[in-house]
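> One structure, as structure tokens, below. Some questions next.
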Amino acid sequence: MPQFLSRRALLTAVPRAAAAGVLLSAAGTPAAAQNQPRRRRMNFIDAHSHIWTPDTTKYPLGPGYLKENMKPASFTPEELFGHCRPEGVERVVLIQMSFYAFDNSYMLDSMARFPGKFGGVGVVDWTAARPDEEMAKLGKHGVKGFRVYPKNAPIATWMETEGFERMFRHARDHGQALCPLIDTAALPSLTNMCEKHPKTRVVIDHLCRIGTDGIIGERDVVALERMARFPEVRVKVSAFYALGQKKPPHADLEPMIRRMHTAFGARRLMWASDCPFAVVGEQYRDAISLVRDGCPWLTAQDREWLLRKTAEEVFFS
Ligand SMILES: [Zn+2]
């Protein structure tokens with residue numbers, strides 16, 4: 001529930017920027033893109049999107065979730081493809097949606113329905129006795145990552161539990177990743193776990209949500225940069241609609257992305273949209289264009305890593 005509430009809070013904080021998005025699209029490509037070829041049909045990967053179906057009989061919602069919480073009411077794989085394919089995105093990493101709780105079946109069924117098109121990040125109950133056994137079960141269906149977040153735990157020590165110990169070990173031994181949805185306040189406890197488990201892959205969501213309050217804080221940026229000392233930590237460069245000025249073309253986020261590029265290198269950064277939330281007040285193109293067509297300091301190789309290879313390595317291999 002808290003995760004969903006925070007998602008709602010993110011959404012309500014997004015200004016109605018659709019008009020600006022339409023203007024940008026009508027005018028063609030952003031200025032920075034004029035020196036670069038359009039990158040269509042490049043088999044890009046979107047490393048983070050959610051899907052759901054209005055069919056709550058076949059796929060019931062978890063405790064505490066109501067059908068009216070689902071906004072938009074429907075976001076099926078077909079609807080997702082309608083947004084991403086015109087921008088050159090052929091594969092997507094699905095992130096288990098909060099309102100299905102620990103029932104990952106809609107995600108799994110969709111992965112099976114479109115073989116090779118979807119990676120999967122599931123959710124298991126990390127407060128249960130054996131979350132690693134659930135990870136093993138989901139792993140058999142191709143799930144390569146697990147979403148985690150502090151829930152109601154004390155932020156200073158949220159990750160230092162028996163359940164997370166098991167998850168870090170299982171992920172390390174089976175080539176899976178832990179994917180924290182966190183703010184920088186949660187980094188100290190994650191740091192302690194990375195020190196104990198340096199070989200476990202970790203993928204931090206949405207630039208550690210720096211700038212959700214509109215401010216790209218220097219201390220937050222430094223805290224995230226410092227995570228680069230762990231070679232298995234990667235960062236999702238994503239959810240631009242919810243960060244900083246929250247307005248296309250999201251150029252205000254470029255300095256932070258450049259800092260992360262310097263700290264982590266492109267091989268540990270992966271771009272993602274965070275659909276469907278990214279296409280509520282903006283268009284899919286507004287989510288991808290900054291990294292695909294902007295940021296002129298990115299080399300062609302960097303873009304390949306950001307837009308495909310990093311996510312491929314973690315979630316499709
Ligand atoms: Zn998301």
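> Can you tell me the equivalent ellipsoid semi-axes for the range 65-188? Use √(5λ) from the Cα gyration tensor, largest first, whole Å. Mind dumping the intermediate values first?
On the way: eigenvalues 141, 62, 40 Å².
Three semi-axes, in Å: 27, 18, 14.
> I'd like to know how the range 128-259 sits against the 2.2 N^0.38 Å rule of thumb: what's its Cα Rg over that expected value? Numbers along the way, then the final one.
Working: Rg = 15.3 Å, N = 132, 2.2 N^0.38 = 14.1 Å.
That works out to 1.09 for the range 128-259.
> Give me the Å³ per residue figure for the convex hull around the C-alpha atoms of the chain.
Numbers: hull volume 38.0 nm³, N = 317.
Each residue corresponds to 120 Å³ of Cα convex hull volume.
> What percent antiparallel are the DSSP beta bridges of the range 44-316, to the nearest 5? It would help to have the intermediate numbers written out before the result.
Working: 1 of 26 bridges.
Taking every DSSP beta bridge within the range 44-316, about 5 percent pair in antiparallel fashion.
> Just order 238-248, 118-128 by mean Cβ neighbour count inside 10 Å, highest at the front, would you?
238-248, 118-128
> Which three extents, in angstrom, do the Cα atoms of the range 211-283 have along their principal axes, listed largest first?
Extents along the principal axes: 36, 22, 16 Å.
> Could you give the nm distance between label points at residue 127 and residue 162, where each point is 7 Å from its Cα heading toward the beta carbon?
Distance between the two pseudo-spin positions: 1.5 nm.
> Can you grab the distance from the C-alpha centre of the range 261-317 to the C-alpha centre of the range 185-234, Å, no decimals?
Using only Cα atoms to place each centre, the spacing works out to 18 Å.
> Mind listing the long-range amide H neighbours of residue 148? Cut-off is under 5 Å, sequence gap 5 or more, other chains count too, H placed in the peptide plane at 1.01 Å from N.
179, 181
> Here's something else I'd like to know. Go through 71/117; 140/236; 67/199; 196/309; 71/196 and tell me which ones have a Cα-Cα distance over 32 Å in this structure. Write down the numbers at each step before the final one.
On the way: 71/117 24 Å; 140/236 25 Å; 67/199 40 Å; 196/309 27 Å; 71/196 39 Å.
Long pairs (Cα-Cα over 32 Å): 67/199; 71/196.
Here, each number is a calculation from the coordinates, and none is a lab measurement. Keep in mind it's a predicted model, so treat the numbers as computed, not measured. As a convention, Cβ positions derive from the backbone with ideal geometry for all residues, glycine included, and neighbour counts pool all protein chains shown.
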